[in-house]
1. Being touching a residue at least 40 places away in the same chain (Cβ under 8 Å) and either surrounded by 13 or more Cβ atoms within 10 Å (Cβ to Cβ) or over 18 Å from residue 30 (Cβ atoms) (or both) is the filter here; which residues of the range 123-140 pass it?
2. Which of (1) touching a helix residue (DSSP H, G or I) at 6+ places or on another chain (Cβ under 7 Å); (2) loosely packed, with under 14 Cβ neighbours inside 10 Å does residue 86 not meet, given it meets every other one?
3. If you scan the range 125-150, which residues turn out to be in contact with a helix residue (DSSP H, G or I) (Cβ under 9 Å, 6 or more places away or on another chain), part of a helix (DSSP H, G or I) and at pLDDT below 90?
4. Please enumerate the residues belonging to the range 5-49 that are modelled with pLDDT under 95, surrounded by fewer than 17 Cβ atoms within 10 Å (Cβ to Cβ), in contact with a helix residue (DSSP H, G or I) (Cβ under 8 Å, 6 or more places away or on another chain) and not in a loop (DSSP other than H, G, I, E, B).
5. Filter the range 54-81 down to the residues that are in a loop (DSSP other than H, G, I, E, B) and within 15 Å of residue 39 (Cβ to Cβ) and list them by number.
6. Output the residues belonging to the range 51-64 that are at pLDDT 95 or above and touching a helix residue (DSSP H, G or I) at 6+ places or on another chain (Cβ under 8 Å).
7. Given 107, 113, which one is touching a residue at least 24 places away in the same chain (Cβ under 8 Å), surrounded by 14 or more Cβ atoms within 10 Å (Cβ to Cβ) and farther than 18 Å from residue 29 by Cα?
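The values are calculated or read from the model by the stated rules, or taken from the named source; none is laboratory data. Bear in mind the structure is a predicted one, so any value in this text is a computation, not a measurement. FYI the Cβ positions are ideal-geometry reconstructions off the backbone, even for glycines, and counts take in every protein chain you see.
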């Protein structure tokens, strides 16, 4: 969903090019690989997350689907209930098996939001501003809903351990 605007835009007037206005979902979709690379760079700056040695694929393999879930959520009609992310539940199982703690999973989720928002900030010249704040709320809500699914899996695994230990 992109729109071109003509020379009424100052930058477009100066260069003669039309500026393209994009939705938040379009920008995240276009920048998906950059979001993943930028997120990984942030993760690698965190000693506790870096303490679990994982390959690029092991660390980021789930991210494309989680980001596609965010994009799909942004494109839902207002008032439509968002589906629960199956990828998030699977990711919770995976991170638990990889040795993550709850705090580490929360940190990864926080870094994902920061990375998405930083990506949008880089593209402010292309953003459809009238929808920016509602979309930021939607992103935060979706990433938090995904985190909830991950934590439900962590708790279920802990409950299973407790039941086996009795």
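1. Restricting attention to the range 123-140, the residues satisfying the condition of being touching a residue at least 40 places away in the same chain (Cβ under 8 Å) are 123, 125-128, 131-132, 135-136, 138-139.
Scanning the range 123-140 gives 123, 126, 127, 128, 131, 132, 135, 136, 138, 139.
2. (1)
3. Selection gives 125, 126, 131.
4. Answer for the range 5-49, where residues must be modelled with pLDDT under 95, surrounded by fewer than 17 Cβ atoms within 10 Å (Cβ to Cβ), in contact with a helix residue (DSSP H, G or I) (Cβ under 8 Å, 6 or more places away or on another chain) and not in a loop (DSSP other than H, G, I, E, B): 5, 11, 20.
5. Start the filter on the range 54-81 by keeping residues that are in a loop (DSSP other than H, G, I, E, B), which leaves 54-55, 61-62, 75-81.
Selection gives 54, 61, 62.
6. 52, 56, 59, 60, 63, 64
7. Values: 113 fails: farther than 18 Å from residue 29 by Cα.
So the residue among 107, 113 that is touching a residue at least 24 places away in the same chain (Cβ under 8 Å), surrounded by 14 or more Cβ atoms within 10 Å (Cβ to Cβ) and farther than 18 Å from residue 29 by Cα is 107.
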